1. Pairs, please: C-beta under 8 Å, at least 6 apart or cross-chain, first residue within 17 Å of residue 22 (Cβ to Cβ) and in region 61-76, second at pLDDT 90 or above and not in a helix (DSSP H, G or I)?
2. In this structure, is residue 24 touching a residue at least 40 places away in the same chain (Cβ under 8 Å) and on the phi < 0 side of the Ramachandran plot?
3. Output the residue which, of all residues in region 3-50 that are farther than 24 Å from residue 62 by Cα and in a loop (DSSP other than H, G, I, E, B), is modelled with the highest pLDDT.
4. Hey, does region 55-62 have a residue that's in a loop (DSSP other than H, G, I, E, B), at pLDDT 95 or above and exposed (fewer than 11 other Cβ atoms within 10 Å of the Cβ)?
5. Could we say that residue 74 is surrounded by 10 or more Cβ atoms within 10 Å (Cβ to Cβ), out of contact with any strand residue (DSSP E or B) (no Cβ under 7 Å at 6 or more places or on another chain), part of a loop (DSSP other than H, G, I, E, B) and modelled with pLDDT under 50 here?
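The values are calculated or read from the model by the stated rules, or taken from the named source; none is laboratory data. Everything numeric here is computed off the predicted structure, so don't read it as measured data. Virtual Cβ from ideal backbone geometry, glycine too; neighbours counted across all protein chains shown.
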């Protein structure tokens with residue numbers, strides 16, 4: 001993602017809130033310096049958690065898989081320790 005506007009930041013904030021209500025953690029990979037700056041300025045870095053920002057997709061997936069190994073997902077039960085992964089190129 002090269003650039004993000006206010007509407008996109010609002011949509012990302014809404015997504016984060018909806019996922020959090022379901023116990024799902026939002027993680028972001030490959031955020032460039034400008035995006036990181038905008039996330040921080042908007043307060044999203046604090047809401048998402050800076051530990052959920054990964055330099056590469058590989059490191060993000062690896063961290064989430066390690067987390068899953070420590071706290072396995074129980075089928076049919078969702079909670080804050082559940083891990084779902086999704087990767088897409090924007």
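1. Taking only residues 6 or more apart or on different chains, the pairs are 64/27.
2. yes
3. Per the criteria, the residue is 43.
4. Kept after step one, since they are in a loop (DSSP other than H, G, I, E, B), are these residues of region 55-62: 55-56.
Narrowing further to those that are at pLDDT 95 or above: 55-56.
Okay, now just the ones that are also exposed (fewer than 11 other Cβ atoms within 10 Å of the Cβ), so 55-56.
Yes.
5. no
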